Amino acid sequence: MKQRGTFETVLETEDFEEGFRGGESSMIESVGTDERKAEGKNFREQPGLSEIKIRAGDLNVHYGTVHALKRVTMDIPKQRVTALIGPSGCGKSTFLRTLNRMNDTIPNIRITGEVVIDGVDIYRPDINVVSLRRLIGMVFQKSNPFPKSVFDNVAYGLRLHGIRDFGILEERAEASLRRAALWDEVKDRLTKSAMELSGGQQQRLCIARALAVNPEIILMDEPASALDPISTAKIEELLHELKKNFTIVIVTHNMQQAARVSDYTAYFYLGELIEFGETNKIFTAPEKKETEDYITGRFG
Amino acid sequence: MERHFHEELKELTQKLQQMGFFAEAAIEKATDGFLNSSGALARKVYDDENVINRLEIEIDEKGHNLLALAQPVAGDLRRVVTVLKINTDLERMGDHAVNIAQKTPLLPSELYLIEKIPLGEMAQTTQKTVRAALDCFVNGDSELARHVLWHDDKIDCYYDTIYSHLGNFMTKEPSLIGAGMKLVMIAHDLERIGDLANNIAENVIYMLQGKEVRHHAWQVLR
Ligand SMILES: Nc1ncnc2c1ncn2[C@@H]1O[C@H](COP(=O)(O)OP(=O)(O)OP(=O)(O)O)[C@@H](O)[C@H]1O
Ligand SMILES: [Mg+2]
């Protein structure tokens with residue numbers, strides 16, 4: 001019997017319980033396993049991996065005729081930082097967006113394969129995407145605070161999920177700002193516009209906003225690429241704290257950053273997952289020559 | 001801002017410190033065992049040696065990971081590199097301790113010769129030198145480096161004395177050649193340990209001050 005995690009609870013509260021129980025989940029798990037074996041590149045259940053939060057299986061993404069993600073199979077461990085690296089256009093952002101179905105609205109996109117989170121395939125037709133996104137926060141390269149007060153930015157997601165009690169909002173907002181290592185810098189200006197914050201502060205505000213609704217997974221697409229070294233270091237330290245409670249997947253162009261912040265690293269090239277493993281290993285003795293060439297700057 | 005990297009650097013430093021304790025203990029057991037002709041004491045060196053070998057690999061791995069993952073600079077970089085060098089020095093010290101332990105217990109002819117040379121004093125000074133070198137690292141005290149250099153000079157003098165004494169004995173009494181050779185080798189192990197302690201002190205000065213004093217430490221420190 002599989003353990004029932006929060007994702008299954010989401011299904012239940014959304015009245016999708018029906019059809020979930022029974023033999024279906026075991027059926028989902030076995031989809032395409034044999035084909036993957038035949039293909040070779042299988043980064044599933046590597047020795048030493050801790051508990052798995054997200055399993056991508058045989059994942060393909062086509063944008064029209066562009067095959068942007070090619071048969072990616074990869075297990076992302078729980079409460080660890082996993083970094084996605086690779087040259088521009090290799091599919092990092094595409095992969096990241098498949099994890100919370102942010103790709104869904106792109107015209108002409110075709111996604112096949114599976115993304116299984118806590119045992120539930122999030123591409124099943126009965127998944128409630130809004131609830132899914134509550135459990136998966138996202139932070140982008142360009143900080144995108146709303147043109148509202150600092151407080152309202154953090155409270156936004158909570159209100160969206162029906163919380164009206166000001167006491168609770170205040171409490172949760174403070175907790176999130178603290179977790180995002182921003183509280184001390186903004187506690188006296190909560191009612192001021194978020195647009196008055198520095199770039200680094202805005203980015204941490206976006207992280208606080210993502211944290212406020214209590215997600216389990218945080219996806220970050222180059223969250224520090226527009227920041228100065230001090231703000232970058234703050235965000236990197238923050239990741240180290242956050243992984244105690246959250247599963248984090250981060251795309252970064254900065255290899256040194258991937259080395260510093262992540263526990264696992266995935267190297268993508270031309271839509272393929274070339275190598276995936278412990279960051280220690282990847283940055284001291286990678287398995288593949290392609291990975292070595294890329295991280296040592298011999299690429300291209 | 002506190003960086004968790006600094007926490008890891010502290011752990012690396014502590015691991016090396018721990019290895020230093022074992023190296024010190026191994027040298028002490030080896031020399032005491034030899035001088036008292038106690039095979040039982042000498043055999044304990046192997047336990048220390050096992051720990052030292054394990055720590056050497058752990059420190060190497062951790063140091064390499066920190067270099068690759070955290071990209072330390074300035075004082076942090078010097079510290080990681082210094083730890084890696086001292087790591088090798090301490091492991092070599094462990095090997096010399098084993099060399100000495102392997103020659104225990106003593107034969108009667110060796111017991112006879114050992115009375116005639118200052119090997120006990122040399123061993124004492126060697127232990128002090130190693131202690132000073134490790135204190136130098138642990139306390140971040142480059143002043144202590146002077147003591148290391150000074151003790152090491154004394155060790156070299158003992159070595160020269162022992163070498164020429166034993167040479168004389170062996171020339172006069174060829175039946176003592178076997179015993180004499182063995183004692184020369186012991187003295188040589190101690191002399192090498194002193195050199196390694198010297199390396200440690202020089203590396204600590206580099207770590208602390210960013211100053212290169214290898215091969216001319218005396219000029220710099222005096
Ligand atoms: N919305 C889209 N419509 C069409 N093609 C797209 C779209 N998004 C990405 N692509 C294509 O998919 C491929 C992968 O792009 P993706 O943005 O995932 O790369 P990336 O690794 O994140 O690159 P970068 O490092 O530059 O951000 C590229 O060839 C890109 O042109
Ligand atoms: Mg991208």
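The values are calculated or read from the model by the stated rules, or taken from the named source; none is laboratory data. If you're wondering where the values come from, they're calculated on a predicted model, not measured in any experiment. Glycine gets a Cβ as well: all are built from the backbone with ideal geometry, and neighbour counts include every protein chain shown. Accessible surface is based on the protein model in full, side chains and every heavy atom, while ligands, DNA and RNA are left aside. Shrake-Rupley method; radii C 1.70, N 1.55, O 1.52, S 1.80 Å.
Matching residues to (1) more than 19 Å from B:Ala70 (Cα to Cα); (2) touching a residue at least 60 places away in the same chain (Cβ under 8 Å); (3) not in a helix (DSSP H, G or I):
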residue	(1), (2), (3)
A:Arg164	yes, no, yes
A:Asp184	yes, no, no
A:Ala210	yes, yes, no
A:Glu236	no, no, no
A:Glu241	no, yes, no
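Quick one: count up the residues across region A:153-169 that are open to solvent by 50 Å² or more (accessible area, probe 1.4 Å) and within 17 Å of A:Cys206 (Cα to Cα).
The qualifying residues number 3.
If I go through region B:1-42 residue by residue, how many of them are at pLDDT below 95, farther than 27 Å from B:Leu106 by Cα and among the small types (Gly, Ala, Ser)?
Of the residues in region B:1-42, 0 are at pLDDT below 95, farther than 27 Å from B:Leu106 by Cα and among the small types (Gly, Ala, Ser).
Being assigned to a helix (DSSP H, G or I) and open to solvent by less than 70 Å² (accessible area, probe 1.4 Å) is the filter here, so list the residues in region A:285-296 that pass it.
Hits for region A:285-296 are A:Thr291, A:Asp293, A:Tyr294, A:Ile295.
Between a residue in region A:274-288 that is within 9 Å of chain B (Cβ to nearest Cβ) and free of Cβ contacts under 8 Å to residues at least 24 places away in the same chain and any residue that is open to solvent by 30 Å² or more (accessible area, probe 1.4 Å) and part of a loop (DSSP other than H, G, I, E, B), which pairs come within a Cβ distance under 9 Å, given they are 6 or more apart or on different chains?
That search, which allows pairs on different chains as well, returns A:Asn280/A:Asp263.
If you scan region A:133-164, which residues turn out to be in contact with a helix residue (DSSP H, G or I) (Cβ under 7 Å, 6 or more places away or on another chain), under 22 Å from A:Thr98 (Cβ atoms) and of a type in the set (A, V, I, L, M)?
Once the filter is applied, which keeps residues that are in contact with a helix residue (DSSP H, G or I) (Cβ under 7 Å, 6 or more places away or on another chain), under 22 Å from A:Thr98 (Cβ atoms) and of a type in the set (A, V, I, L, M), region A:133-164 yields A:Leu135, A:Met138, A:Val139.
Given (1) free of Cβ contacts under 8 Å to residues at least 60 places away in the same chain; (2) within 14 Å of another protein chain (Cβ to nearest Cβ), identify the lone condition not met by B:Leu9.
Among (1) free of Cβ contacts under 8 Å to residues at least 60 places away in the same chain; (2) within 14 Å of another protein chain (Cβ to nearest Cβ), B:Leu9 violates only (1).
Run A:Leu132 past the list (1) over 24 Å from A:Asn60 (Cα atoms); (2) in contact (Cβ under 8 Å) with a residue 12 or more places away in the chain; (3) of a type outside the set (D, E, K, R); (4) out of contact with any strand residue (DSSP E or B) (no Cβ under 6 Å at 6 or more places or on another chain) and report the number of the one that doesn't hold.
(1) is the only condition that A:Leu132 fails.
Restricting to region A:210-241, give me the number of residues that are in contact with a strand residue (DSSP E or B) (Cβ under 8 Å, 6 or more places away or on another chain), open to solvent by 10 Å² or more (accessible area, probe 1.4 Å) and within 16 Å of ligand 2 (Cβ to nearest atom).
The number of residues fulfilling the criteria is 2.
Having 1 or more residues that are under 29 Å from A:Pro286 (Cβ atoms) is the bar; report the helices (runs of 4 or more DSSP H) wholly within region B:25-130 that clear it.
Output list reads B:45-70, B:74-102.
Considering only region A:261-270, I want to know if a residue exists there that is open to solvent by 30 Å² or more (accessible area, probe 1.4 Å), within 13 Å of ligand 1 (Cβ to nearest atom), assigned to a loop (DSSP other than H, G, I, E, B) and more than 10 Å from chain B (Cβ to nearest Cβ).
Yes; the residues of region A:261-270 include at least one that is open to solvent by 30 Å² or more (accessible area, probe 1.4 Å), within 13 Å of ligand 1 (Cβ to nearest atom), assigned to a loop (DSSP other than H, G, I, E, B) and more than 10 Å from chain B (Cβ to nearest Cβ).
Keeping to region A:49-62, report how many residues are within 17 Å of A:Arg110 (Cα to Cα) and open to solvent by 30 Å² or more (accessible area, probe 1.4 Å).
The total comes to 1.
Within 18 Å of B:Lys103 (Cα to Cα), open to solvent by 10 Å² or more (accessible area, probe 1.4 Å) and at pLDDT 95 or above - does that describe any residue in region B:119-135?
There is at least one residue in region B:119-135 that is within 18 Å of B:Lys103 (Cα to Cα), open to solvent by 10 Å² or more (accessible area, probe 1.4 Å) and at pLDDT 95 or above.
For (1) open to solvent by 20 Å² or more (accessible area, probe 1.4 Å); (2) near ligand 1 (Cβ under 7 Å from one of its atoms); (3) within 14 Å of chain B (Cβ to nearest Cβ), each residue gets a yes or a no:
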position: A:Gly64; (1), (2), (3): yes, yes, no
position: A:His67; (1), (2), (3): yes, no, no
position: A:Lys78; (1), (2), (3): yes, no, no
position: A:Val81; (1), (2), (3): no, no, yes
position: A:Leu84; (1), (2), (3): no, no, no
position: A:Thr94; (1), (2), (3): no, yes, no
position: A:Met102; (1), (2), (3): yes, no, no
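Within region A:242-260, take every residue that is at the interface with chain B (Cβ under 9 Å from one of its Cβ atoms) and open to solvent by 10 Å² or more (accessible area, probe 1.4 Å) and give me the one that is modelled with the lowest pLDDT.
So, considering only residues that are at the interface with chain B (Cβ under 9 Å from one of its Cβ atoms) and open to solvent by 10 Å² or more (accessible area, probe 1.4 Å), the one modelled with the lowest pLDDT is A:Gln256.
Filter region B:45-101 for residues that are aliphatic (A, V, I, L, M) and within 13 Å of another protein chain (Cβ to nearest Cβ) and give the result.
Result: B:Leu66, B:Leu67, B:Ala68, B:Leu69, B:Ala70, B:Val73.
Which residues, taken from region A:63-88, are touching a residue at least 24 places away in the same chain (Cβ under 8 Å) and either within 16 Å of ligand 2 (Cβ to nearest atom) or of a type in the set (Gly, Ala, Ser) (or both)?
Answer for region A:63-88, where residues must be touching a residue at least 24 places away in the same chain (Cβ under 8 Å) and either within 16 Å of ligand 2 (Cβ to nearest atom) or of a type in the set (Gly, Ala, Ser) (or both): A:Tyr63, A:Gly64, A:Ala68, A:Leu69, A:Val72, A:Thr82, A:Ala83, A:Leu84, A:Ile85, A:Gly86, A:Pro87, A:Ser88.
For region A:118-142, name all the residues that are more than 16 Å from ligand 2 (Cβ to nearest atom), open to solvent by 10 Å² or more (accessible area, probe 1.4 Å) and assigned to a loop (DSSP other than H, G, I, E, B).
Within region A:118-142, A:Asp118, A:Gly119, A:Tyr123, A:Arg124, A:Pro125, A:Asp126, A:Ile127, A:Asn128 qualify.
If you go through region B:202-211 one residue at a time, do you hit one that is outside any helix (DSSP H, G or I) and in contact (Cβ under 8 Å) with a residue 12 or more places away in the chain?
yes
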